[in-house]
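Please treat every number below as a calculation from the coordinates, not as lab data. In this text, all values refer to a predicted model and were calculated from it rather than measured experimentally. Positions of Cβ are backbone-derived with ideal geometry, glycine not excepted, and every protein chain shown enters the neighbour counts.
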Amino acid sequence: MKRPDITEQETIESLGPYFFIQRKAGHRLTSDTVALAEFAAQSLSENDTLIDLGTATGALPLLFSCKTELTSITGVEVDDEAAQTAARNVDVNGLADRVSIIKADYRNLTGMYPEGAFTAVVSNPPYTKAGSGRLSPLMQRAIARSEVLGGLPDLIKVSKHLAGEAGKIFYVFPVSRLAEMLAESQKCGLNVRRLRFINAGKGKEPGIFLIELGRQGGLEIEAPLSI
C-alpha cells in the first residue's frame, strides 16, 4: 500500500500492517485500546459481526481487522472530524469490504438496529464520569475522555440491545469505577463472563480492567496483565 498524504494537523503511524492516521488535537490511540482488542479477539470467530461504539478515528476496527478473521466490523462515532478520519483509515488500507464507519450518536442505535443485530459489541468509553474532572476545551478530547454524550447506564443499555440474547460485550474501564460497572450490568440483566485487571507496570496496583459481559455464562477471572 502507498503511504497516504497527511496534513500538518495529522500524524501517521503503523498499526499492525495498516497505516493509521490521527489528528494531533484529537483523541490519541493508547495501550488501553490495544489491550481491549487483544482481550476481545480471544472470544471472537470469523462468523461474528462486531460493532465498536465510539470508534474515534477507527483504531479498534483496524486492530480487529489484523487480529481476527472478522468480515463484518462497524465503527460508530458521533464527532464528524473523527468519523471522517476513521472512514479515511478504512479507505487507505483497503478495508471497505470488511469495515464500515457510521457517524451517529450511539444512544440512537436502538432505533437504527433491531435487538441482537450484532454478535459482539466493543467499546473503549470515556473514563471520566459526567460532572467530575476537568473538561477538555477540545471537543474531540472532551467527548473521548468525559461522559459528555451519555454515561455508563446508556452504554450498557444500548450494548445489551445490540448484542441480544447470545451476544458478547467487551469494555475497558478504570478500576475506580468497577463497582459501578458491576452494579449497572446487573441492573440491566447482564452477567460478567470474563474479567482481567491491568496495571501500568510490575508491582503496581491495577488501574484499568477488561470485562466481557453477556446475558449468559459464568465468571472467569483471568491473570492480571502489565502494560
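For this structure, a couple of remarks:
- When the stretch 52-82 is filtered for residues that are within 14 Å of T119 (Cα to Cα) and of a type in the set (D, E, K, R), only D52 remains.
- The single residue among E13, E38 that is assigned to a strand (DSSP E or B) and either crowded, with 20+ Cβ neighbours inside 10 Å or of a type in the set (D, E, K, R) (or both) turns out to be E13.
- Hey, T11 without any contact (Cβ under 8 Å) to a residue 60 or more places away in the chain and in contact with a Gly (Cβ under 9 Å, 6 or more places away or on another chain) or not: no
- Evaluation of K2 against the conditions (1) out of contact with any Gly (no Cβ under 7 Å at 6 or more places or on another chain); (2) surrounded by 15 or more Cβ atoms within 10 Å (Cβ to Cβ); (3) farther than 20 Å from V158 by Cα shows that the sole unmet condition is (2).
- Total residues in the stretch 53-111, condition more than 16 Å from M1 (Cβ to Cβ) and either assigned to a helix (DSSP H, G or I) or of a type in the set (D, E) (or both): 24
- In the stretch 1-48, residue farthest from P174 (Cα to Cα) [restricted to those that are touching a helix residue (DSSP H, G or I) at 6+ places or on another chain (Cβ under 6 Å) and of a type in the set (S, T, Y)]: Y18
- Members of the stretch 175-205 that are assigned to a helix (DSSP H, G or I), small (G, A, S) and farther than 18 Å from V121 by Cβ: S176, A179, A183
- Of the residues in the stretch 198-205, at least one is touching a residue at least 40 places away in the same chain (Cβ under 8 Å) and surrounded by 15 or more Cβ atoms within 10 Å (Cβ to Cβ).
- Looking across the stretch 177-197, the residues that are touching a residue at least 12 places away in the same chain (Cβ under 8 Å) and of a type outside the set (K, R) come down to L178, E180, M181, E184, S185, C188, G189, L190, N191, V192, L195, F197.
- Comparison of G94, G16 shows that the only residue that is without any contact (Cβ under 8 Å) to a residue 60 or more places away in the chain, out of contact with any strand residue (DSSP E or B) (no Cβ under 8 Å at 6 or more places or on another chain) and on the phi > 0 side of the Ramachandran plot is G16.
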